[in-house]
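Where a number appears in this text, it was derived from the coordinates with a stated rule and is not lab data. Note that the coordinates shown come from a computational prediction; the quantities given were computed from them, not determined experimentally. As a convention, Cβ positions derive from the backbone with ideal geometry for all residues, glycine included, and neighbour counts pool all protein chains shown.
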Amino acid sequence: MHIIIFKTSVITQGQVARLQPLITSLPVVSQCNFDLEDCDNILRVVSTDLQPQLVCGLLQTEGFSCETMESFVVPQL
């Protein structure tokens, strides 16, 4: 599994409610969550094999800024 962390301009729970179904509808995304308490309005995406620019493009199409901050692989147990 891969975890990719994005910095976004998403600031409200209403925006999260609108975006989360779009992100999780991507076949390679198993889950995602927003941390609006973080100063960078973090989006974390757990995926099997996601290209970060796909999520950034999706958010930008919806009118939000998005940039990849970090990506790492979680070892399978």
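Inside segment 1-21, can you point out the residues that are surrounded by fewer than 15 Cβ atoms within 10 Å (Cβ to Cβ) and in contact (Cβ under 8 Å) with a residue 12 or more places away in the chain? Spell out the reasoning first.
If we filter segment 1-21 for residues that are surrounded by fewer than 15 Cβ atoms within 10 Å (Cβ to Cβ), which is where we start, we get 1, 9, 11-14, 17-18, 21.
Once the filter is applied, which keeps residues that are surrounded by fewer than 15 Cβ atoms within 10 Å (Cβ to Cβ) and in contact (Cβ under 8 Å) with a residue 12 or more places away in the chain, segment 1-21 yields M1, S9, I11, T12, Q13, R18.
Among the residues of segment 55-77, which ones are within 12 Å of H2 (Cβ to Cβ) and either surrounded by 13 or more Cβ atoms within 10 Å (Cβ to Cβ) or in contact (Cβ under 8 Å) with a residue 60 or more places away in the chain (or both)? Walk me through it before giving the result.
Of all residues in segment 55-77, those within 12 Å of H2 (Cβ to Cβ) come to 55, 68, 70-76.
Within segment 55-77, V55, T68, E70, S71, F72, V73, V74, Q76 meet the criteria.
Does P52 satisfy being out of contact with any Leu (no Cβ under 8 Å at 6 or more places or on another chain) and either aromatic (F, W, Y) or surrounded by 15 or more Cβ atoms within 10 Å (Cβ to Cβ) (or both)? Talk me through it step by step, then tell me what you get.
Values: out of contact with any Leu (no Cβ under 8 Å at 6 or more places or on another chain): yes; either aromatic (F, W, Y) or surrounded by 15 or more Cβ atoms within 10 Å (Cβ to Cβ) (or both): yes.
The answer is yes for P52.
Give segment 34-49 a look and list any residue that's polar (S, T, N, Q) and surrounded by fewer than 13 Cβ atoms within 10 Å (Cβ to Cβ), or say none. Explain how you work it out, then say what you get.
Within segment 34-49, the first condition is being polar (S, T, N, Q), and the residues that meet it are 41, 47-48.
Hit for segment 34-49 is T48, nothing else.
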